[in-house]
């Protein structure tokens, strides 16, 4: 990935996390990809470096009620003071069309019911004496599971609903394993690429080099320093 592109990716992620407080990691991933400026592996590279450089903090809140697809409490992402300073200083480096899009989109995302995440289970009798069971799980952005089952009796339908609410990960992962014939693995994450030194860029903006000391530099528009 080109260094300037990585710099922009980082700033996009910082901007979204700043505009939508208490955003989950999955929501941050999805909303970043919706800009169409970066793909999943671009996001992983930029996000991991932001965490490494302590510009974004990632943590599970105490008594977090929301769970992910495998039943674990979701991870929330917040800007640190360092990340907020970096964004404030370098936000103008994000291309204007992307900044304009994010200004409108973040406002809509904050109000979007998709960010509320749901885990539901319900059943009702049908005309044939059976029961229709409806199971649904959302990750806060999109539906992960939406199942409709026909169950022969009410007691069993109730058990299915209770089981789903208590341990949705068992059903979800079990279903994936049965349908694929494979053990479900965590997604592979690409190793981080070249490092972005945003602090160096901030220092440069606050303490510019006098014109007479400037020398030609092939990194003229880069936010990066050369890696060892």
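Data overview
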{"item": "In the stretch 65-81, the residues that are more than 14 Å from the chain's Cα centre (by Cα), at pLDDT 90 or above and surrounded by 15 or more Cβ atoms within 10 Å (Cβ to Cβ)", "result": "80"}
{"item": "The listed residue being modelled with pLDDT of 60 or more, in a strand (DSSP E or B) and either surrounded by fewer than 15 Cβ atoms within 10 Å (Cβ to Cβ) or touching a helix residue (DSSP H, G or I) at 6+ places or on another chain (Cβ under 6 Å) (or both), out of 137, 132, 159", "result": "137"}
{"item": "Evaluation of residue 125 against (1) farther than 19 Å from residue 172 by Cβ; (2) modelled with pLDDT under 80; (3) in the same structural domain as residue 173 (by TED's automatic domain parsing) (one fails), failing number", "result": "(2)"}
{"item": "Search result, residues across the stretch 42-55 that are touching a strand residue (DSSP E or B) at 6+ places or on another chain (Cβ under 7 Å) and surrounded by fewer than 19 Cβ atoms within 10 Å (Cβ to Cβ)", "result": "51"}
{"item": "Some residue of the stretch 56-64 being touching a residue at least 12 places away in the same chain (Cβ under 8 Å), farther than 30 Å from residue 164 by Cα and buried (at least 17 other Cβ atoms within 10 Å of the Cβ)", "result": "yes"}
{"item": "Verdict on residue 92 being farther than 28 Å from residue 173 by Cβ and surrounded by 14 or more Cβ atoms within 10 Å (Cβ to Cβ)", "result": "no"}
{"item": "Residue among 176, 196, 223 that is at pLDDT below 80, more than 21 Å from the chain's Cα centre (by Cα) and closer than 30 Å to residue 93 by Cα", "result": "223"}
{"item": "Positions within the stretch 15-55 being assigned to a loop (DSSP other than H, G, I, E, B), without any contact (Cβ under 8 Å) to a residue 60 or more places away in the chain and more than 19 Å from residue 102 (Cα to Cα), in sequence order", "result": "54"}
{"item": "Filter result (touching a helix residue (DSSP H, G or I) at 6+ places or on another chain (Cβ under 7 Å) and more than 25 Å from residue 137 (Cβ to Cβ)) within the stretch 17-38", "result": "18, 19, 35, 37, 38"}
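The values are calculated or read from the model by the stated rules, or taken from the named source; none is laboratory data. This structure is a prediction, so every number in the text was calculated from the model and none was measured. As a convention, Cβ positions derive from the backbone with ideal geometry for all residues, glycine included, and neighbour counts pool all protein chains shown.
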